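These notes concern the structure reproduced below.
The values are calculated or read from the model by the stated rules, or taken from the named source; none is laboratory data. No experiment lies behind these values; they were computed from the predicted model shown. Note: ideal-geometry Cβ built from the backbone for every residue, glycine included; neighbour counts use all protein chains shown. Remember, those area values only see protein heavy atoms, side chains included, never the ligands or the DNA or RNA. Shrake-Rupley method; radii C 1.70, N 1.55, O 1.52, S 1.80 Å.
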Amino acid sequence: MDATKETVGLMNGSSVWSISEMDDIDFSRLSDKPKLNIERKRSFDERSLSELSIGLARGIDNFETTNSPGGRSGFNTPASSARNSFEPHPMVADAWEALRRSLVFFRGQPVGTIAAYDHASEEVLNYDQVFVRDFVPSALAFLMNGEPEIVKQFLLKTLHLQGWEKRIDRFKLGEGAMPASFKVLHDPIRKTDSLVADFGESAIGRVAPVDSGFWWIILLRAYTKSTGDLSLAETPECQKGMRLILTLCLSEGFDTFPTLLCADGCSMIDRRMGIYGYPIEIQALFFMALRSACSLLKHDEEGKECIERIVKRLHALSYHMRSYFWLDFQQLNDIYRYKTEEYSHTAVNKFNVIPDSIPDWVFDFMPTRGGYFIGNVSPARMDFRWFALGNCIAILSSLATHEQAMAIMDLIEARWEELVGEMPLKIAYPAIESHEWRIVTGCDPKNTRWSYHNGGSWPVLLWLLTAACIKTGRPQIARKAIDLAETRLLKDSWPEYYDGKLGRYIGKQARKYQTWSIAGYLVAKMMLEDPSHLGMISLEEDKQMNPVLKRSSSWTC
């Protein structure tokens with residue numbers, strides 16, 4: 001595909017938005033850079049950065065204001081400034097070439113990217129399919145590069161698949177469930193293409209993805225913000241698709257929590273890893289999808305009813321997550337002193353967590369300043385592990401308050417060796433070992449300690465870290481992480497993940513030319529070069545959802 005056919009896909013400053021202003025922000029004014037000598041469309045309304053309360057002033061002075069010449073560079077990347085001496089790295093060209101090689105076509109049109117292009121691997125498994133979650137960084141890269149048609153076709157094809165009847169062993173899934181992945185089958189004799197979707201019936205563990213629907217809504221908003229094209233989101237099909245996804249999640253039942261009850265293996269961590277219950281990754285994505293849908297749903301009769309349910313859930317969910325999932329030094333000390341068997345509405349230890357269940361590692365891991373959203377909270381259980389995706393999405397969606405977002409970044413800086421090491425970024429910390437590993441993972445040979453989802457390092461998370469760094473005004477952290485990745489990724493043929501405490505070794509079963517490792521790097525580079533791209537994936541804090549937190553917080557120590 002000729003990347004030079006389209007200009008950078010950002011909205012024109014004169015465009016008028018009808019999307020709710022709850023998430024409007026202008027990241028284009030992070031520095032007083034001169035305008036590039038090309039036509040641009042802006043992905044957000046023009047707003048004054050001084051009106052924001054997200055602390056973007058920190059670290060912004062590190063950006064230089066000199067720009068590269070207008071037009072695309074010789075590396076086939078979007079024209080962008082060379083702030084902070086951020087010159088195009090030679091591996092950017094290789095990354096774009098590899099990303100385009102992974103494109104999947106349906107009836108002549110690109111509809112996604114395969115998970116990995118590793119011809120050296122003997123087992124293909126499902127790495128030759130288009131995964132919804134895997135395609136998100138690829139989609140963002142194409143949007144930032146002014147190629148929205150690929151993303152539009154992906155959104156339409158997956159929406160079409162959502163309408164299929166979904167049965168697993170005679171049991172019918174919810175109508176709104178999105179596929180985990182799909183494959184294009186080419187019939188060379190009949191010269192026809194057909195789609196085959198996987199809703200979990202072929203997955204390892206036979207678990208349906210909970211995150212696919214959330215990523216679909218988030219990507220629909222990113223497409224809309226990037227292109228300024230409201231027509232796709234406003235089609236009856238897209239409106240119905242969003243409502244079906246949300247109906248699955250907003251239905252009332254026996255649960256007393258506003259969080260979503262989920263099985264192991266329902267998200268990026270797609271194998272048994274002890275995340276059953278209320279995993280942070282799903283809760284953060286749920287929150288972000290709800291807010292994204294709020295800005296995309298039409299205010300007709302059906303849309304208004306859905307929006308009312310969303311708003312009520314958002315208030316309850318934000319309070320619950322910010323209050324009970326948040327951990328900092330003071331809160332850890334409070335839990336350490338918990339009394340148990342408390343009954344009544346005045347109970348402090350509401351979930352009856354036994355202090356002796358606190359793992360020893362967390363006392364040394366927790367810095368005096370800093371904090372994070374823990375992995376899980378449910379009756380008599382707190383999973384104190386750090387999960388990167390959930391915490392980064394919490395920042396981008398503004399599930400984390402401004403103070404909490406800053407505390408998460410403080411923690412990353414304070415525990416750089418543990419969470420970043422030699423290859424960004426640890427998916428989870430720490431690894432589960434010995435007898436606990438046997439019990440929690442079911443003796444999973446792929447999730448041995450410091451490997452794969454059990455403490456492995458995943459380059460795809462680089463784009464999420466970079467986005468969180470830009471939003472919190474700490475681009476220097478992202479730059480440091482990208483520099484680390486550039487020392488290895490191309491030389492190692494873009495592995496899926498790295499192993500070891502420091503992420504030093506290529507994963508023992510890692511596929512090479514993993515598409516989201518490639519796309520994650522490109523998105524991180526383009527966002528750091530042009531922070532205005534953050535507008536398509538970031539939501540600003542809704543002040544009406546800010547509960548008065550009674551607990552002490554690390555930033556007031």
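Give me the 1.4 Å probe accessible area per residue for segment 220-536, excluding ligands and nucleic acids, in Å². Spell out each step's value before the answer.
Details: 10970 Å² over 317 residues.
Heavy-atom accessible area per residue stands at 35 Å².
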H186 versus K172: modelled label distance in nm, points set 7 Å from Cα along the beta carbon direction: 3.7
Set K152/K543; K491/K525; K446/K501; K426/K508; K471/K525; K166/K240 screened for pairs whose C-alpha atoms are more than 21 Å apart: K152/K543
Note, ³J(HN,Hα) from phi for segment 205-218, Karplus 6.51, -1.76, 1.60, rounded to Hz, x at Gly and Pro: x, 6, 10, 6, x, 8, 7, 4, x, 5, 4, 4, 5, 4
Amide H contacts of Y497 (H built 1.01 Å from N, under 5 Å, at least 5 apart or other chain): G507, R511
Within segment 93-168, GluC sites (Glu not before Pro) in DSSP loop having at most 16 other beta-carbon neighbours inside 10 Å: E122, E123, E165
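Given a Förster distance of 35 Å, report the FRET efficiency between K304 and E149 from their Cβ-Cβ distance, rounded to the nearest 0.05.
0.65
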Potential lengthening between N126 and I204 on full extension [0.36 nm per residue; Cα-Cα distance subtracted]: 27.1 nm
Accessible area (Å², per residue) of segment 110-219, counting only protein heavy atoms and a probe of 1.4 Å: 43
FRET efficiency for Q109 and S323, using Cβ-Cβ distance with R0 set to 41 Å, rounded to 0.05: 0.30
Per-residue ³J(HN,Hα) for segment 354-362, Karplus 6.51 cos²θ - 1.76 cosθ + 1.60, θ = phi - 60°, Hz, x for Gly and Pro: 7, x, 5, 7, 5, x, 4, 4, 5
Euclidean distance between Cα centres, segment 423-466 to segment 189-257, Å: 27
Cα gyration tensor, segment 220-536 - rounded (a/c under 1.5), prolate or oblate: oblate
D360 paired with T247, simple spin-label distance in nm, labels 7 Å along Cα-to-beta-carbon: 5.3
Label-to-label distance, nm, for residues given as L230 and R101 (7 Å Cα→Cβ offset): 4.3
Neighbour-limited loop hits for trypsin sites (Lys or Arg not before Pro), segment 430-535 (at most 15 other Cβ within 10 Å; DSSP other than H, G, I, E, B): K446, K491, R504, K508
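On full extension of the chain, what length is gained from N352 through Q476, given 0.36 nm per residue of separation minus the C-alpha to C-alpha distance?
Details: separation 124, 0.36 × 124 = 44.64 nm, distance 4.11 nm.
Between N352 and Q476, full extension yields an extra 40.5 nm.
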HN-Hα J in Hz across segment 325-337 - Karplus 6.51, -1.76, 1.60, θ = phi - 60°, x for Gly and Pro: 8, 7, 9, 9, 4, 5, 5, 4, 5, 5, 5, 4, 9
Long-range amide H partners of F106 with built H, under 5 Å: V111
Long-range amide H partners of I168 with built H, under 5 Å: L173
N333/R381 FRET efficiency (R0 30 Å; Cβ-Cβ; nearest 0.05): 0.95
Additional length obtainable on full extension of the chain from I439 to A93, 0.36 nm per residue less Cα span: 120.1 nm
Taking segment 284-386 and dividing mean pair separation by its residue count, relative contact order in percent (alpha carbons under 8 Å, at least six apart): 24
